[in-house]
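Asker: For reference, the structure I am asking about is given below.
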Amino acid sequence: IRAADERIAALEREMLASLEGWSLEPLAGALMSLRGVALVGGMTLAAELGDVSRFPQAPELMSFCGLTPGQHSSGKSMHTGPITKRGNAHVRRVLVEAAHSYRHGPRVSVELKKRSARTSESVRRIAWKAQQRLHGKYRRLISRGLPTQKVMVALARELLGFVWSIGREVELVAPPGA
């Protein structure tokens with residue numbers, strides 16, 4: 001276990017070192033101001049999504065990640081089903097994992113404050129709004145008796161909307177030589 005922990009720590013140090021100078025560094029750093037999104041999650045989301053401004057609206061990004069409900073319609077009847085899962089599985093996994101942290105009440109921990117210190121005030125406001133809204137949604141859905149797994153997917157979908165909003169706030173720097 002210690003050896004595995006040491007390998008993980010070494011990989012995270014390498015990731016942190018490679019973050020500096022990366023063209024998506026501003027986006028990854030801004031996403032790390034969200035609760036449940038640390039170094040690995042922020043870099044994964046930034047790498048998989050790229051420039052979020054290419055999605056004019058958040059539902060398009062949600063569809064890209066496969067977090068929209070499937071739909072079956074015939075004539076006037078319409079039935080929505082489970083999420084399509086026809087999208088980026090890496091992003092979905094990271095978002096569902098991050099969604100679990102919104103079970104707890106909104107607060108800014110020391111670690112979260114440290115991660116979001118270099119972000120703009122508008123990004124920190126979006127991240128705080130995400131905490132409040134997603135925790136409230138978690139409580140409402142759980143009180144309705146929905147299964148936890150279904151609740152987490154619903155939170156992940158809404159969290160992706162906040163990721164889109166943060167991505168629209170962040171200006172990416174052009175890579176060297178571009």
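The values are calculated or read from the model by the stated rules, or taken from the named source; none is laboratory data. If you're wondering where the values come from, they're calculated on a predicted model, not measured in any experiment. Reconstructed Cβ throughout: ideal geometry from the backbone, glycine too, with neighbour counts over all protein chains shown. The area values use the complete protein model at the heavy-atom level, side chains included, leaving out ligands, DNA and RNA. Shrake-Rupley method; radii C 1.70, N 1.55, O 1.52, S 1.80 Å.
Asker: List the residues, sorted by chain then number, that are 5 or more residues from residue 83 or on another chain and whose placed amide H is less than 5 Å from its amide H.
Answerer: 70
Asker: Give, as a single signed number, the net charge of other residues whose beta carbon lies under 11 Å from the beta carbon of residue 19, with Lys and Arg counted +1 and Asp and Glu -1.
Answerer: Neighbourhood net charge equals -3.
Asker: Moving on to the next point. Which lysines have a Cα lying under 17 Å from the Cα of residue 137, excluding residues fewer than 8 positions away in the same chain?
Answerer: 129, 150
Asker: Simple spin-label model, 7 Å along Cα-to-Cβ: residue 129 to residue 5 in nm?
Answerer: Between residue 129 and residue 5, the label points sit 4.0 nm apart.
Asker: Where Lys and Arg each count +1 and Asp and Glu each count -1, what net charge lies around residue 117 among other residues with Cβ under 12 Å from its Cβ?
Answerer: Charge balance in the 12 Å sphere: +3.
Asker: Carbon and sulfur atoms: what percent of the 1.4 Å accessible area of segment 1-117 do they account for?
Answerer: Answer for segment 1-117: carbon and sulfur cover 55 percent of the accessible area.
Asker: Mean residue ellipticity at 222 nm from the helices of the chain, using -39,500 (n - 2.57) per DSSP H segment of n ≥ 4 over the full residue count, to the nearest 500 deg cm²/dmol?
Answerer: Result for the chain: -18500 deg cm²/dmol, rounded to the nearest 500.
Asker: Before I look further, what does the chain give for accessible area per residue, probe 1.4 Å, in whole square angstrom?
Answerer: Accessible area per residue: 60 Å².
Asker: Could you list, bin by bin from short to long, the percent of Cα-Cα pairs of the chain in 5 Å steps?
Answerer: For the chain, the pair-distance distribution reads 1, 8, 15, 19, 19, 15, 11, 6, 3, 1, 1, 0, 0.
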